[in-house]
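Down below is the structure, laid out as structure tokens.
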Number of protein chains: 2
Amino acid sequence: MRAFDAPLHGGRLQEARRLFPGAPEPFIDLSTGINPLPYPVPPIEPPAWTRLPEPEKIAALEDAAAKAYGVAGGSMVVALPGTQLLISLLPRLSPQATVAILSPTYGEYARSFAAAGSRVVEMNTLAELADAPYAVICNPNNPDGRSFDGTVLFEFARRRAGSGLLLVDESFVDLERGSLSVAPHLPQPGLVVLRSLSKAYGLGGLRLGFALAHPDLIAAIRAPLGPWPVSGPAIDIGMRTLADRTWLVAARQRLTRDVARLDSLLREANLAVIGGTLLFRLVESNEAPALFHRLGEAGILVRSFDYRPDWLRFGMLGGEDEWQRLAAALSFTPASSNRD
Amino acid sequence: MRAFDAPLHGGRLQEARRLFPGAPEPFIDLSTGINPLPYPVPPIEPPAWTRLPEPEKIAALEDAAAKAYGVAGGSMVVALPGTQLLISLLPRLSPQATVAILSPTYGEYARSFAAAGSRVVEMNTLAELADAPYAVICNPNNPDGRSFDGTVLFEFARRRAGSGLLLVDESFVDLERGSLSVAPHLPQPGLVVLRSLSKAYGLGGLRLGFALAHPDLIAAIRAPLGPWPVSGPAIDIGMRTLADRTWLVAARQRLTRDVARLDSLLREANLAVIGGTLLFRLVESNEAPALFHRLGEAGILVRSFDYRPDWLRFGMLGGEDEWQRLAAALSFTPASSNRD
């Protein structure tokens, strides 16, 4: 098991600038799974900044989330100032002896539970999680894109019924095809689903996410957050994004094309794409550490993994200038070990 | 002791509209202690919405708060998505057998602690709080404006040293004259100070506040909030407001005049002002319940108190039209019982 005390998040451009002081600006941040062409934020009406969010508005946002995520009602939804808050809080609010995490995955789960005193076991298959009193699954998974159909996870949750909590993090599900989300199967006792506006909608700074669960569980999650858990602008922007299926469909089409373009660019550089979603691609290569630095010196930040030095995760690119710079930086990669 | 299960917050305009369906619009909301002429929110740069807040930016915000609040360093500050989150969370993260609250005061303290299983004792003097392992003081207090000098609270905290936590809520301190804040005396073991941008700056929807405490306590508060506790816009707006002393001084001057005007308006209506701050005035009258309804029917929402039906709290007014409407509504008040 690895140490959980060193979170290495994406999006650390200021750290990248320290690491690569000679890199050209602007830095291209490919270190996150955040959509580089975000939902266009509308002008914010002044009362959103000034007035305390009214409970009716929060309830309307939660209804909108229920509708967007295929959940039967707003009583199974609670709005969060980002899902990360709940990931950090849950281990402390609901201490567990042992937590099983389908791994490798987003590192904050292991880190938060370990910090709260839980024993963290990292499992590699769904079957190994079956008897764990507390289990965490990211679907689709970050960084490798491994995914399960929602019905598979629902059956898994049903077989576990009565044995603690199953947390399914669907932060990256919005743009994926098929029926990956387990949310439409709610309510199911012990099942908590997390959704986020940070990734597909590209709004990482907004801090808006949702937990979906049985109404009793939702009430238990809601209480410690108090009456104003989310900001006025987050409510207004959330209402708009969640109702806008047209934008989501167009984003999916564009990212499908862009993923194909990125994959072929990576293949041309002799980099094996071993997984991903429409918001990031995972590459495996013995050259990964060298490539990380080469890209960094070219002003391109990708995500490395302390536990898998041969992996790099590439986020999606925005404008054409970014594509050109990545292509140029990759073409300098010595194509050696993978050709052996 | 009263029941803690029915929070009656200010700012519930939608509820007011249901209660007074025939009231003229726009409703004037005097039910909060939020500055009606808020800090002018600058245009938000797109990256504030899209990028995950970088740790360096959060640290810079906390440094700015330390400077504004007279605290020796940013290591004694943690940014919060509103102080209410901590008020709701603390009782659950740090369960206490008994909590003593200087009362009457902001109801969420008693409610949160009771909901978390603590025994809540409401005390009326500082001396009665001296031996409580966990004590809560709002300074200045809401709704009556009772206040202590910061040095008095610091001496009080020192005498308590070693006996649990002392939480001092300074949500309403920014505009007050004198040296009410205990923050400049930090660090002091067990002392936690809360500050907010919701009240003096009029930014209740922004959700930004701070806890100030000894660095060890700050680290303990920070951990369960995760790496992105506040939004990108909250960071940008917070940086600007906290550095802008000119605006704060002008707001204080304007509100000093407005408070005098409101007090004389209330006195003319035979309403005794028994306390308050520059952001709200507390009135005591046997006519309070009738006046609440009369004002409501005139489209003016003030704050009533279930535990003191003879009290009404008036928030501050914005434009001249609001003054005229309040004056007209008050002049219809039958001036009876107070003249006896």
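The values are calculated or read from the model by the stated rules, or taken from the named source; none is laboratory data. No experiment lies behind these values; they were computed from the predicted model shown. All Cβ positions, even for glycine, are placed from backbone atoms using ideal geometry, and neighbour counts span all protein chains on display. Side chains included, ligands, DNA and RNA excluded: accessible areas come from the protein's heavy atoms. Shrake-Rupley method; radii C 1.70, N 1.55, O 1.52, S 1.80 Å.
For this structure, a couple of remarks:
- Spread over its residues, the convex hull of the C-alpha atoms of the stretch B:136-178 is 67 Å³ per residue.
- Panel note: contact residues of the stretch B:45-64 (accessible area lowered by at least 40 Å² against the chain on its own; 1.4 Å probe) correspond to B:TRP49, B:THR50, B:ARG51, B:LEU52, B:GLU54, B:GLU56.
- Range of Cα positions in the stretch B:58-165 per principal axis (Å), largest first: 38, 30, 29
- Placing pseudo-labels 7 Å out from each Cα toward the beta carbon at A:ARG261 and A:TRP247 gives an inter-label distance of 2.1 nm.
- Working note: Cα gyration tensor of the stretch A:72-230, eigenvalues times five, square-rooted, sorted largest first, giving semi-axes of 20, 18, 17 Å.
- When the Cα atoms of the stretch B:279-334 are aligned to their principal axes, the ranges along those axes come out at 32, 26, 14 Å in descending order.
- Here the calculated FRET efficiency for A:ASP149 and A:ARG254, from their Cβ-Cβ distance with R0 = 30 Å, stands at 0.75, rounded to the nearest 0.05.
- Position A:GLU155, label points 7 Å along Cα→Cβ, spacing to each other copy in nm (shortest first, one decimal): 7.3
- Alpha-carbon geometry of the stretch B:223-339: the Rg and the Dmax are 18.3, 59 Å, given in that order.
- Among residues of chain B, the one whose beta-carbon sits closest to the B-to-A rotation axis is listed with its distance in Å as B:PRO81, 2.
- For the stretch A:104-139 versus the stretch B:62-105, the gap between their alpha-carbon centres in whole angstrom: 31 Å
- Cα-derived Rg to Rh of the stretch B:117-158, Kirkwood definition: 0.96
- Proximal charge balance of B:ALA288 [Cβ under 11 Å; K/R count +1, D/E count -1]: +1
- Charge dipole (Cα centre; +1 on Lys/Arg Cβ, -1 on Asp/Glu Cβ; no other charges) of the protein assembly as shown amounts to roughly 180 debye.
- Interface residues in the stretch B:198-214 - accessible area drops by 10 Å² or more relative to the isolated chain, probe 1.4 Å: B:GLY202, B:LEU203, B:GLY204, B:GLY205, B:LEU206, B:ARG207
- Net charge of Cβ neighbours under 13 Å - reference B:ALA68; Lys, Arg +1; Asp, Glu -1: -1
- Span from the the stretch B:176-250 Cα centroid across to the the stretch A:272-294 one, whole angstrom: 41 Å
- Counting Cβ atoms of other protein chains within 10 Å of each Cβ in A:89-99 and taking the mean gives 2.
- Ratio of the Cα radius of gyration of the stretch A:211-259 to 2.2 N^0.38 Å, where N counts its residues: 1.64
- Size-normalised alpha-carbon gyration radius of the stretch B:1-119, reference 2.2 N^0.38 Å: 1.42
- Restricting the calculation to Cα atoms, the stretch B:20-82 yields a radius of gyration followed by a Dmax of 17.9, 53 Å.
- Our coupling estimate for the stretch B:224-238, obtained by passing each phi through the Karplus curve with A = 6.51, B = -1.76, C = 1.60 and θ = phi - 60°, is x, 8, x, x, 10, x, 10, 6, x, x, 4, 5, 4, 5, x Hz, Gly and Pro reported as x.
- In sequence order, the stretch B:92-102 has phi-based couplings of 8, 7, 9, x, 10, 5, 9, 10, 9, 10, 5 Hz under the Karplus curve 6.51 cos²θ - 1.76 cosθ + 1.60, θ = phi - 60°, and Gly or Pro positions carry x.
- Its convex hull of Cα atoms gives chain B a direction-averaged projected area, equal to a quarter of the hull surface, of 17.4 nm².
- Each other copy places its own label point for B:PRO43 at 1.1 nm from this one, sorted shortest first, where the point lies 7 Å along the Cα-to-beta carbon line.
- On a per residue basis, the protein assembly as shown carries 38 Å² of accessible surface, using protein heavy atoms and a 1.4 Å probe.
- Put simply, chains A and B cover up around 3900 Å² of each other's accessible surface, both sides summed, when a 1.4 Å probe is used.
- Measuring between alpha carbons in the structure, the pairs from A:LYS67/B:LYS57; A:LYS199/B:LYS57; A:LYS57/A:LYS199; A:LYS57/B:LYS199; A:LYS57/B:LYS57 lying more than 27 angstrom apart are A:LYS67/B:LYS57; A:LYS57/B:LYS57.
- Histogrammed with a bin width of 10 Å, the alpha carbon distances of the stretch B:185-277 distribute as 13, 30, 30, 18, 8, 1 percent, first bin at zero.
- Charge dipole (the stretch B:116-201, unit charges on Cβ, about Cα centre) - positive-most of B:GLY145, B:GLY178, B:PHE156: B:PHE156
- Theoretical ellipticity at 222 nm over chain A - DSSP helices of four or more residues, -39500 (n - 2.57) apiece, nearest 500: -11000 deg cm²/dmol
- What separates the B:SER264 label point from its copies, with the point 7 Å along Cα to Cβ, is 7.9 nm, written shortest first.
- When the P(r) of the protein assembly as shown is calculated, the portion above 39 Å amounts to 36% of the C-alpha pairs.
- Residues with amide H under 5 Å from that of B:SER103, placed H, sequence gap 5 or more: B:MET123, B:ASN124
- The convex hull of the Cα atoms of the stretch B:151-310, projected and averaged over all directions, covers 12.3 nm².
- Calculated SAXS-style log₁₀ I(q)/I(0) at q = 0.23 Å⁻¹ - the stretch B:175-228, Debye, Cα scatterers: -1.00
- Under 5 Å, built H, 5+ apart or other chain: amide partners of B:GLY276: B:GLY145, B:ARG146, B:LEU282
- Net charge, A:ASP263 excluded, C-beta distance under 13 Å - Lys, Arg +1, Asp, Glu -1: +2
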